[in-house]
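J.: Got a structure for you, written out below as structure tokens; questions coming shortly.
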């Protein structure tokens, strides 16, 4: 008796089978995708007058207890996590997004990154890592612009070199804000 492959395999080439195979999503991947989907949905939000204002920007600020006109990069990141069901982070102060228990050494999707500003003597801008390609990070950031300012006018997808990043923090481990790794 000659064994014949089933019609499923018989009608498809090996490359079709490999290219169409999907690894079942783990709970971690679902959370990462949820956080990034929310962040991506905000790309294109702009301030109303260029003074840290506008309906959506004020929503980010309100989420962290801040008022119209205040810097909002950390409020944006906190709001994204809140929309994904996380209790933390919830701060408009960018250094507060990097407690010791949350710090990690490498960039991964949906991890928070911080940029150090020598003139401020601290991390003064934050955003979310979307993905990494070699030494470059694709990021989603609020209160920035195409020039990379920490006082920008909207939510943008950016490309940053990993050398410009001072710290990373992982807030994905649980929805109550417990420790990671």
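A short reminder: the numbers here are calculations on the coordinates, not readings from a lab. Please read all numbers here as calculations on a predicted model, not as lab measurements. Ideal geometry is used to build each Cβ from the backbone, glycine not excepted, and the neighbour counts take in all protein chains shown.
J.: What length, rounded to one decimal in nm, is gained on full extension from residue 105 through to residue 157, with 0.36 nm per residue of separation minus their alpha-carbon distance? If you can, show how the numbers build up before the last one.
T.: Values: separation 52, 0.36 × 52 = 18.72 nm, distance 2.22 nm.
16.5 nm is the gain from fully extending residue 105 to residue 157.
J.: Cα gyration tensor of the range 25-169, axes a ≥ b ≥ c as square roots of the eigenvalues: rounded (a/c below 1.5), prolate (a/b > b/c) or oblate?
T.: It is rounded, given that a/c, with a ≥ b ≥ c, falls under 1.5.
J.: A further question follows. Please report the spacing between the Cα centers of the range 60-128 and the range 129-169 in Å, no decimals.
T.: About 13 Å separates the Cα centre of the range 60-128 from the one of the range 129-169.
J.: Could you work out how far apart the two model spin labels at residue 164 and residue 29 are, taking each label as a point 7 Å from the Cα in the direction of the beta carbon, and quote it in nm?
T.: If labels sit at residue 164 and residue 29, their model points lie 3.1 nm apart.
J.: With labels modelled as points extended 7 Å from the Cα through the Cβ direction, what inter-label distance (nm, one decimal) is found for residue 117 paired with residue 67?
T.: According to this spin-label approximation, the distance is 2.1 nm.
J.: If you don't mind, another one. Can you give the extra length, in nm with one decimal, that the chain gains between residue 149 and residue 93 once fully stretched, where that is 0.36 nm per residue apart less the Cα-Cα distance?
T.: Additional length available on full extension: 18.5 nm.
J.: Enumerate the whole-percent occupancy of each 5 Å bin, from 0 to the last occupied one, for all C-alpha pair distances of the range 101-181.
T.: The percentages, shortest bin first, are 3, 16, 25, 25, 19, 9, 3, 0.
J.: Which three extents, in whole angstrom, do the alpha-carbon atoms of the range 26-76 cover along their principal axes, largest first?
T.: On the principal axes, the range 26-76 reaches 41, 22, 13 Å in Cα extent.
J.: Kindly put 79, 72, 93, 136 in sequence by how many other C-beta atoms sit within 10 Å of each C-beta, fewest to most. Don't skip to the end; give the middle numbers.
T.: Numbers: 79 24, 72 28, 93 16, 136 13.
Lowest count first: 136, 93, 79, 72.
J.: From the square roots a ≥ b ≥ c of the eigenvalues of the alpha-carbon gyration tensor of the range 70-118, which class results: rounded (a/c under 1.5), prolate (a/b over b/c), or oblate?
T.: Since a/c reaches 1.5 but b/c is at least a/b, the shape of the range 70-118 is classed as oblate.
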